[in-house]
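*Asks:* A single structure is presented below for examination.
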Amino acid sequence: MKTILAALFAIAIGFVAVPVHAENLSARDIMVKVDDRDDGDNRVAEMKMVLIDKNGDTRIREMKSFDKDLITDKGEEDRRRIMFFLAPADVKDTGFLTYDFDAYVKDDDQWLFLPALKKTKRIASTDKSGSFMGSDFNYSDMTRKNLDAYDFKILKEVEVRGAKTWVIEALPKTQDEIDSTGYKKSVAFVRQDNFIIVRAVHWTDSGDKLKYLDVTGLEQINGVWTVTAMSMTTKKNKIIEHKTNLTFSNVHYDQDLNDNLFTLRRLEKGL
Amino acid sequence: MKVFAALPVLLSLSLGMSLPALAQDALDDALGGFDDTPLATQPKPAEPMTVQPPSPWSMSGSVSFSAAYDYTQNAPAVGESDKRGLSRARPKATFKLKGNLPDQFAVPVRIFAEASLAHDLVYTVRGRGNYNATVKNSFERDVNFGELYASARLTDELELTIGRQIIVWGTSENLRVVDVINPLDRRELGMVDIEDIRLPLAMARVDYVTGPWTATALAIPQIRFNKNAPSYSPYDSRNGAAPQDDLPADELNNMELAAQLRGNFSGWDLSFQAANMFDDAGHKETVDSESRIRHSRVNMLGISADVALGNWLVRGEAASTSGLQTQGVPSKDFRRSDVLAGIEYSGLDNASVSFEAANRHLHGWTAALSAEGFKSNSQEYALRFSGDYMHDRVHVTALTTRISPLNSGGGFSRASVEYDLQDALSVTGGVTIYHDGTRSPFKGLGDNDRVFVEVKQSF
């Protein structure tokens, strides 16, 4: 809970299917297209996160989220997001407000409202390697990546659930990036028909663990291809330590979201 | 270690494999760790939809049982209560109701209400006759009406809220400089439930939002002060009857007024505060040879800010409070300047640590004020650690506070571990240690160290 989720939907929502010709694309070209895809705007969605431990015990978190993109004078696409917990009851009405800036040099603005304290506090954290609300996702999984911080390489092409994908290795160029994300290496499976990352494997910098991201639900909503279900599984020596299933429902784009929805006053008032 | 490092090389050579081939196998092995369940792909037509209206009526709350055990109190003197051993055995229920009035109202109206009811069984268990009536009246049955308000959104920018409310100002997490609106429950320092520590006040509140700024104005007709430890309770350092507290009447002339302008910017926040209100703490006056607590009217001007720098959050607050009165120099108004600086580091694995320090300077201080515990300058310190572990199943919190002089002023330290047995069901255990001091409010509290446990089910 130390950082606000920046963009859960960055990997989950809004991937426009674009027919492409794969022959001439480099690994970086592909990742640029992944990064540049149209991910819709003015989104409303509900999320359900199921945390499953190695004994099979489950805990459930439910949230509702509102997203709005703002185009800056420089043409950058900043994103504002306000999110409220619906369940479990002990964290109900806890709220997050995030201003996620397109410019990577600029840290996200994040505020957390704790209803028990009736207080809003700013969160300062450039370290995104921490767990997102106890899940197997960390905050870096949910934010847009700085492509300049990585070397990319196409390893091979494989089919994932019947769809052709590029298997792309991403190696951080600096220790700072490793520290920030918690990953020393990642391999992403990018679908060739729509540039959706449908699978990824992350090598954690500490603990020698592997984390498996797997997209298991994909729908076209309001004309936008949207990931509606995915999981992240943490394994060590091939044994599952913990798993998180994340599903999205009631996803709608192009809603009339007023700018005043994304203010601290609204964060404190709740849904 | 070199032997182990060389092992893959030797293995690969003995098996006739090259190192790149070995690495490729390891990579393929890692990439093969997915389950191949079918993809749920269901193209959906776009549906016309508007954002859900505000949430319907909902009830939430919790039931809990908490117990505390004092392991440091001495045996009582003749005529005193025995404060040793079990000091709390309290079931408690909390209810919250939230909802929206029907659409036929001209503007959206939100209703919020909360209340709690607790009954401490320790008095029954240990014998009600062993306790002073003031203690039983204060703690045994605690009915607490929390916030109760109606909030009307007059326009997208303007909101009016009327009812009992809690207002939290400033950036500090542990020390109060500009957070002066609501009185506090200080009956059991360091042991009060966090959600109950601020006491709501009936008020009218207007908020106006424009760009990054939010302007707030408050009119507070209800006059209410801190709840202090009742006489003869474990946290009462007087060990005798408290002076009568002369409360100003809840009338229009006594209405408290306050305002805040808050701005939230990229990487930093800035707020200005002003308040015309009664001094919550009060001062002693001698009336007809009898000591009484009186509350003078004070003016507070404040400013608070925070700046995010990477994993660091720097906080600052300052306030000037005029109109303070004392017993030592009657009929003279004093002014106090408070300054707070704090820093929080969030770069730890799922944890953060913060430190705050405040200085309170009383202008025009004289030796005549020493008897009341006033100093020209006094300091407060707070160090806090909080962390979430085991996928947010375990929550660790530790807090230590001190007032000056650092080695003798007093304070308390509290550490607790909360474990989520399942969703919304948790058990918490911890310890609070009091550092006996030379100054209020920690003078004479050194014998109150206690361990505590709470089981809580939220719904």
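*Asks:* Quick check on A:N146: is it touching a residue at least 12 places away in the same chain (Cβ under 8 Å) and buried (at least 23 other Cβ atoms within 10 Å of the Cβ)? So that I can check it myself, show each step before the final result.
*Replies:* Details: touching a residue at least 12 places away in the same chain (Cβ under 8 Å): yes; buried (at least 23 other Cβ atoms within 10 Å of the Cβ): no.
Judged against the criteria, A:N146 is not a match.
*Asks:* Looking at the stretch A:93-102, can you tell me whether even one residue there is aliphatic (A, V, I, L, M), under 16 Å from the mean Cα position of the chain (by Cα) and surrounded by 21 or more Cβ atoms within 10 Å (Cβ to Cβ)? So that I can check it myself, show each step before the final result.
*Replies:* Pass one, the stretch A:93-102, residues aliphatic (A, V, I, L, M): A:97.
Then drop every residue that is not under 16 Å from the mean Cα position of the chain (by Cα), which leaves A:97.
Those left that are additionally surrounded by 21 or more Cβ atoms within 10 Å (Cβ to Cβ): A:97.
Yes, the conditions are met somewhere in the stretch A:93-102.
*Asks:* Checking the condition among the hydrophobic types (A, V, I, L, M, F, W, C), away from every other protein chain (no Cβ under 14 Å) and either within 30 Å of B:A75 (Cα to Cα) or crowded, with 17+ Cβ neighbours inside 10 Å (or both), which residue from B:L369, B:L383 passes?
*Replies:* Details: B:L383 fails: either within 30 Å of B:A75 (Cα to Cα) or crowded, with 17+ Cβ neighbours inside 10 Å (or both).
Testing whether each residue is among the hydrophobic types (A, V, I, L, M, F, W, C), away from every other protein chain (no Cβ under 14 Å) and either within 30 Å of B:A75 (Cα to Cα) or crowded, with 17+ Cβ neighbours inside 10 Å (or both) leaves just B:L369.
*Asks:* So, in the stretch B:430-447, how many residues would count as being within 21 Å of the chain's Cα centre (by Cα) and at pLDDT 90 or above?
*Replies:* Residues in the stretch B:430-447 being within 21 Å of the chain's Cα centre (by Cα) and at pLDDT 90 or above: 6 in total.
*Asks:* Also, I was wondering about something else. Test of understanding: among B:V177, B:V143, B:V122, which residue is under 28 Å from B:I403 (Cβ atoms) and among the β-branched types (V, I, T)? Working first, answer last.
*Replies:* Working: B:V143 fails: under 28 Å from B:I403 (Cβ atoms); B:V122 fails: under 28 Å from B:I403 (Cβ atoms).
The conditions single out B:V177.
*Asks:* I would also like to ask the following. When only residues in the stretch A:49-81 that are surrounded by fewer than 15 Cβ atoms within 10 Å (Cβ to Cβ) and of a type in the set (G, A, S) count, which is nearest to the other protein chains (Cβ to nearest Cβ)?
*Replies:* A:G56
*Asks:* For B:F65, only one of the following conditions fails: (1) facing another protein chain (nearest Cβ under 8 Å); (2) modelled with pLDDT of 80 or more; (3) in contact with a Pro (Cβ under 7 Å, 6 or more places away or on another chain). What is its number?
*Replies:* (1)
*Asks:* Only one of B:D245, B:D269, B:D250 is touching a residue at least 60 places away in the same chain (Cβ under 8 Å) and acidic (D, E); which? Reasoning before the result, please.
*Replies:* Working: B:D245 fails: touching a residue at least 60 places away in the same chain (Cβ under 8 Å); B:D250 fails: touching a residue at least 60 places away in the same chain (Cβ under 8 Å).
Selected residue: B:D269, the only one of B:D245, B:D269, B:D250 that is touching a residue at least 60 places away in the same chain (Cβ under 8 Å) and acidic (D, E).
*Asks:* Give the residue, chosen from B:D29, B:D103, B:D25, B:D36, that is modelled with pLDDT of 70 or more, surrounded by fewer than 14 Cβ atoms within 10 Å (Cβ to Cβ) and within 12 Å of chain A (Cβ to nearest Cβ). Steps first, please.
*Replies:* Numbers: B:D103 fails: within 12 Å of chain A (Cβ to nearest Cβ); B:D25 fails: within 12 Å of chain A (Cβ to nearest Cβ); B:D36 fails: modelled with pLDDT of 70 or more.
B:D29 is the lone residue from the list that is modelled with pLDDT of 70 or more, surrounded by fewer than 14 Cβ atoms within 10 Å (Cβ to Cβ) and within 12 Å of chain A (Cβ to nearest Cβ).
*Asks:* Report those strands (runs of 3 or more DSSP E) wholly inside the stretch B:397-459 carrying at least 3 residues which are within 14 Å of chain A (Cβ to nearest Cβ), in contact (Cβ under 8 Å) with a residue 40 or more places away in the chain and out of contact with any Pro (no Cβ under 6 Å at 6 or more places or on another chain).
*Replies:* On the way: elements: B:411-422, B:425-435, B:450-458.
Fully inside the stretch B:397-459 and qualifying: B:450-458.
*Asks:* Listed residues B:T326, B:T366, B:T286; which is in contact with a helix residue (DSSP H, G or I) (Cβ under 9 Å, 6 or more places away or on another chain) and among the β-branched types (V, I, T)? Walk me through it before giving the result.
*Replies:* Values: B:T366 fails: in contact with a helix residue (DSSP H, G or I) (Cβ under 9 Å, 6 or more places away or on another chain); B:T286 fails: in contact with a helix residue (DSSP H, G or I) (Cβ under 9 Å, 6 or more places away or on another chain).
Every option except B:T326 fails the conditions.
*Asks:* Next question. Inside the stretch B:115-125, can you point out the residues that are outside any strand (DSSP E or B) and surrounded by fewer than 17 Cβ atoms within 10 Å (Cβ to Cβ)? Before you say what the answer is, go through the steps one by one.
*Replies:* First pass over the stretch B:115-125, keeping only residues outside any strand (DSSP E or B): B:120-125.
Within the stretch B:115-125, B:L121, B:T124, B:V125 meet the criteria.
*Asks:* Considering the stretch A:170-184 alone, what residues qualify as being free of Cβ contacts under 8 Å to residues at least 40 places away in the same chain, in contact with a helix residue (DSSP H, G or I) (Cβ under 9 Å, 6 or more places away or on another chain) and surrounded by 15 or more Cβ atoms within 10 Å (Cβ to Cβ)?
*Replies:* Answer for the stretch A:170-184, where residues must be free of Cβ contacts under 8 Å to residues at least 40 places away in the same chain, in contact with a helix residue (DSSP H, G or I) (Cβ under 9 Å, 6 or more places away or on another chain) and surrounded by 15 or more Cβ atoms within 10 Å (Cβ to Cβ): A:P172, A:E177, A:K184.
*Asks:* Something else: Suppose the filter is exposed (fewer than 11 other Cβ atoms within 10 Å of the Cβ), among the small types (G, A, S), at pLDDT below 65 and in a loop (DSSP other than H, G, I, E, B); does B:G79 pass it?
*Replies:* Numbers: exposed (fewer than 11 other Cβ atoms within 10 Å of the Cβ): yes; among the small types (G, A, S): yes; at pLDDT below 65: no; in a loop (DSSP other than H, G, I, E, B): yes.
In short, no.
*Asks:* List the strands (runs of 3 or more DSSP E) inside the stretch B:190-281, counting only whole elements, that have at least 3 residues being small (G, A, S) and out of contact with any helix residue (DSSP H, G or I) (no Cβ under 9 Å at 6 or more places or on another chain).
*Replies:* Details: elements: B:201-210, B:213-220, B:256-265, B:268-278.
Output list reads B:213-220, B:256-265, B:268-278.
For every residue, the table says whether it meets (1) surrounded by fewer than 18 Cβ atoms within 10 Å (Cβ to Cβ); (2) farther than 30 Å from A:R80 by Cα.
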residue: B:W169; (1), (2): no, no
residue: B:M191; (1), (2): no, yes
residue: B:L201; (1), (2): no, yes
residue: B:P212; (1), (2): yes, no
residue: B:S231; (1), (2): yes, yes
residue: B:D236; (1), (2): no, yes
residue: B:P248; (1), (2): yes, yes
residue: B:M255; (1), (2): yes, yes
residue: B:Q260; (1), (2): no, no
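*Asks:* Still on this structure, please answer the following. Only residues that are crowded, with 18+ Cβ neighbours inside 10 Å and charged (D, E, K, R): list them for the stretch B:339-366, please.
*Replies:* Matches in the stretch B:339-366: B:E344, B:E356, B:R360.
*Asks:* Right, next: For the subset of the stretch A:203-215 comprising residues that are part of a strand (DSSP E or B) and of a type in the set (S, T, Y), which member is surrounded by the most Cβ atoms within 10 Å (Cβ to Cβ)?
*Replies:* We begin by selecting, within the stretch A:203-215, every residue part of a strand (DSSP E or B); these are A:203-204, A:210-215.
Filter again for of a type in the set (S, T, Y), leaving A:204, A:212.
Working: A:T204: 19, A:Y212: 21.
Among those residues, the one meeting the criterion is A:Y212.
*Asks:* Going by the conditions given, is A:D29 over 15 Å from the mean Cα position of the chain (by Cα), part of a strand (DSSP E or B), under 27 Å from A:I168 (Cβ atoms) and away from chain B (no Cβ under 14 Å)? Steps first, answer last, please.
*Replies:* Working: over 15 Å from the mean Cα position of the chain (by Cα): yes; part of a strand (DSSP E or B): no; under 27 Å from A:I168 (Cβ atoms): yes; away from chain B (no Cβ under 14 Å): yes.
Answer is no for this residue.
*Asks:* Next up: Could you please find all residues in the stretch A:216-271 being in a helix (DSSP H, G or I) and either more than 8 Å from every other protein chain (Cβ to nearest Cβ) or buried (at least 19 other Cβ atoms within 10 Å of the Cβ) (or both)?
*Replies:* Matches in the stretch A:216-271: A:D259, A:L261, A:F262, A:L264, A:R266, A:L267, A:E268, A:K269.
*Asks:* Continuing with this model, one more query. Can you name every residue in the stretch B:416-451 that is among the acidic types (D, E) and either within 21 Å of B:R84 (Cα to Cα) or surrounded by fewer than 17 Cβ atoms within 10 Å (Cβ to Cβ) (or both)? Give the steps one after another, and end with the answer.
*Replies:* First, pick out the residues of the stretch B:416-451 that are among the acidic types (D, E): B:418, B:420, B:423, B:436, B:447, B:449.
Scanning the stretch B:416-451 gives B:D436, B:D447, B:D449.
*Asks:* Separate question: Which numbered condition trips up B:H295, out of (1) away from chain A (no Cβ under 14 Å); (2) touching a strand residue (DSSP E or B) at 6+ places or on another chain (Cβ under 6 Å); (3) surrounded by fewer than 17 Cβ atoms within 10 Å (Cβ to Cβ)?
*Replies:* Answer for B:H295: the failing condition is (3).
*Asks:* Please state which of the following conditions B:H391 fails to meet, knowing it meets all the rest: (1) within 12 Å of chain A (Cβ to nearest Cβ); (2) touching an Asp or Glu at 6+ places or on another chain (Cβ under 8 Å); (3) part of a strand (DSSP E or B).
*Replies:* (3)
*Asks:* With respect to A:R191, is the statement that it is farther than 20 Å from A:K243 by Cα, among the charged types (D, E, K, R), without any contact (Cβ under 8 Å) to a residue 60 or more places away in the chain and crowded, with 20+ Cβ neighbours inside 10 Å true? Show your work before the answer.
*Replies:* Working: farther than 20 Å from A:K243 by Cα: yes; among the charged types (D, E, K, R): yes; without any contact (Cβ under 8 Å) to a residue 60 or more places away in the chain: yes; crowded, with 20+ Cβ neighbours inside 10 Å: yes.
So A:R191 passes the test.
*Asks:* Quick check on this structure: which one of B:V307, B:V314 is more than 17 Å from B:N174 (Cβ to Cβ), within 14 Å of chain A (Cβ to nearest Cβ), part of a strand (DSSP E or B) and in contact with a Gly (Cβ under 8 Å, 6 or more places away or on another chain)?
*Replies:* Working: B:V314 fails: more than 17 Å from B:N174 (Cβ to Cβ).
Testing whether each residue is more than 17 Å from B:N174 (Cβ to Cβ), within 14 Å of chain A (Cβ to nearest Cβ), part of a strand (DSSP E or B) and in contact with a Gly (Cβ under 8 Å, 6 or more places away or on another chain) leaves just B:V307.
*Asks:* Then there's this: Counting only residues that are surrounded by fewer than 16 Cβ atoms within 10 Å (Cβ to Cβ) and more than 25 Å from B:D388 (Cβ to Cβ), how many does the stretch B:300-319 have?
*Replies:* 1
*Asks:* Could you please find all residues in the stretch B:142-157 being assigned to a strand (DSSP E or B) and either modelled with pLDDT under 95 or crowded, with 16+ Cβ neighbours inside 10 Å (or both)? Steps first, please.
*Replies:* Of the residues in the stretch B:142-157, the ones assigned to a strand (DSSP E or B) are B:142-153.
Matches in the stretch B:142-157: B:D142, B:V143, B:N144, B:F145, B:G146, B:E147, B:L148, B:Y149, B:S151, B:A152, B:R153.
The values are calculated or read from the model by the stated rules, or taken from the named source; none is laboratory data. All of these numbers come straight from a predicted model, not from anything done at the bench. Ideal geometry is used to build each Cβ from the backbone, glycine not excepted, and the neighbour counts take in all protein chains shown.
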